[in-house]
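Comments concern the structure below.
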Amino acid sequence: MTTHSTTEPITNRLRIVLVGTQHPGNIGSAARAMKTMGLDRLVLVAPEKAPDRESEALAAGADDVLASARTCGTLAEAVADCRLVLGCTARSRRIALDELLPRDAASRALEAATGGGEVALVFGRERTGLDNEELQLCHAAVHIPANPEYSSLNLAMAVQVLAYELRLAVLVGDPGPAPASASASAPGRAESPASHSELEGFFGQLGDALEAIDFHKGRAPESALRKFRRLFLKAGLDSREVRLLRGVLADVERMAMLAGRSADGG
């Protein structure tokens with residue numbers, strides 16, 4: 001789990017994640033957009049090309065953001081320790097996610113970061129954006145309300161819009177340094193909020209348990225799993241609650257296995 005100094009700025013808990021970037025120049029432009037708004041944590045997920053001289057040229061002085069950028073193979077790896085993951089995307093009817101305007105997204109991100117959580121704002125590929133599997137890893141979607149007659153935004157422009165809203169939220173909210181133990185010391189919460197990897201492990205086990213008890217009755221499982229995912233994300237589970245639920249699921253799977261053996265005469 002990531003640890004933090006008790007005197008660090010709140011922006012140290014905010015990261016920009018670029019998935020499958022196709023043009024190295026856009027990475028540099030995104031780094032520039034970030035630095036102008038006081039952000040410096042950049043994560044690259046499986047870029048088609050690594051940052052190069054064009055990236056450095058378009059970074060225009062944000063070389064330190066480029067140099068410290070972390071590269072991951074998958075989005076799940078990039079956000080594993082996050083409390084909140086916001087996917088910046090055009091509206092989609094295929095994946096049911098809460099949709100936020102940039103200002104609302106910045107407010108939610110700041111709230112989570114102030115509470116001690118790691119926050120990721122995720123941007124997809126230049127041409128195709130985030131795919132369905134990647135959107136499933138996000139807790140909410142962020143939609144920039146551009147002109148519907150000409151809604152195409154360059155990747156760096158989209159990063160700039162969200163980075164500006166984050167900057168504004170920090171300046172207006174002025175939360176100051178966030179204590180490292182803030183999430184654990186909140187009233188009524190003795191445990192830290194569950195991390196992204198803990199929640200994804202729970203969702204995976206939930207899917208297995210539902211299959212074991214034939215919950216879907218031959219129907220495609222995706223719709224039900226999306227609804228369960230939204231329900232549990234809204235609950236704001238902490239680590240202890242996730243462990244409790246996974247213990248219940250383990251018993252469900254064990255009983256289903258025993259029932260299957262009895263039915264087979266074993």
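Every number here is computed from the coordinates shown, using simple stated rules; none is lab data. Predicted model, so just to flag it, every value in this text is computed and none were measured. Using ideal geometry, Cβ is built from the backbone for each residue, glycine included, and neighbour counts are taken over all protein chains shown.
Database remark: amide H of Leu130 closer than 5 angstrom to the amide H of Gly124, Arg125 (H placed geometrically; neighbours at sequence offset of 5 or more, or on other chains; Pro and chain starts carry no H). Taking 30 Å as the straight-line reach from the Cα of Lys227, the lysines in range (excluding those fewer than 8 positions away in the same chain) are Lys217. The convex hull built on the alpha-carbon positions of the range 25-143 has an orientation-averaged projected area of 7.3 nm². When the chain is described by a simple charge dipole with +1 on each Lys and Arg Cβ and -1 on each Asp and Glu Cβ, the residue from Pro9, Ala113, Gly25 located farthest towards its positive end is Ala113. Normalised by 2.2 N^0.38 Å, with N the number of residues, the alpha-carbon radius of gyration of the chain equals 1.10.
Counting helices only, and only those DSSP H runs with n ≥ 4, report the 222 nm mean residue ellipticity of the chain as the sum of -39,500 (n - 2.57) divided by its residues, in deg cm²/dmol to the nearest 500.
-14500 deg cm²/dmol
Of the residues Gly207, Leu258, Ser197, the one whose Cα sits farthest towards the positive end of the charge dipole of the range 194-263 is Gly207 (charges of +1 on Lys and Arg Cβ, -1 on Asp and Glu Cβ, taken about the Cα centre).
Taken about its Cα centre, the range 194-263 carries a charge dipole of roughly 240 debye when the Cβ of each Lys and Arg holds +1 and the Cβ of each Asp and Glu holds -1. Taking the Cα centre of the range 40-86 as origin and assigning +1 to Lys and Arg Cβ atoms and -1 to Asp and Glu Cβ atoms, the resulting dipole is close to 180 debye. Working note: Cα atoms of the range 194-263, range along each principal axis, descending, whole Å: 38, 25, 16. Estimated from the Cβ-Cβ distance and a Förster radius of 25 angstrom, the FRET efficiency linking His216 and Ala76 is about 0.55.
Averaging sequence separations of C-alpha pairs under 8 Å and six or more residues apart, then dividing by the length of the chain, give the relative contact order as a whole percent.
Details: 425 pairs, mean separation 58.8, N = 266.
About 22 percent, as a whole number.
Label-to-label distance, Asn147 versus Arg243, with points set 7 angstrom from Cα along the beta-carbon direction: 5.5 nm.
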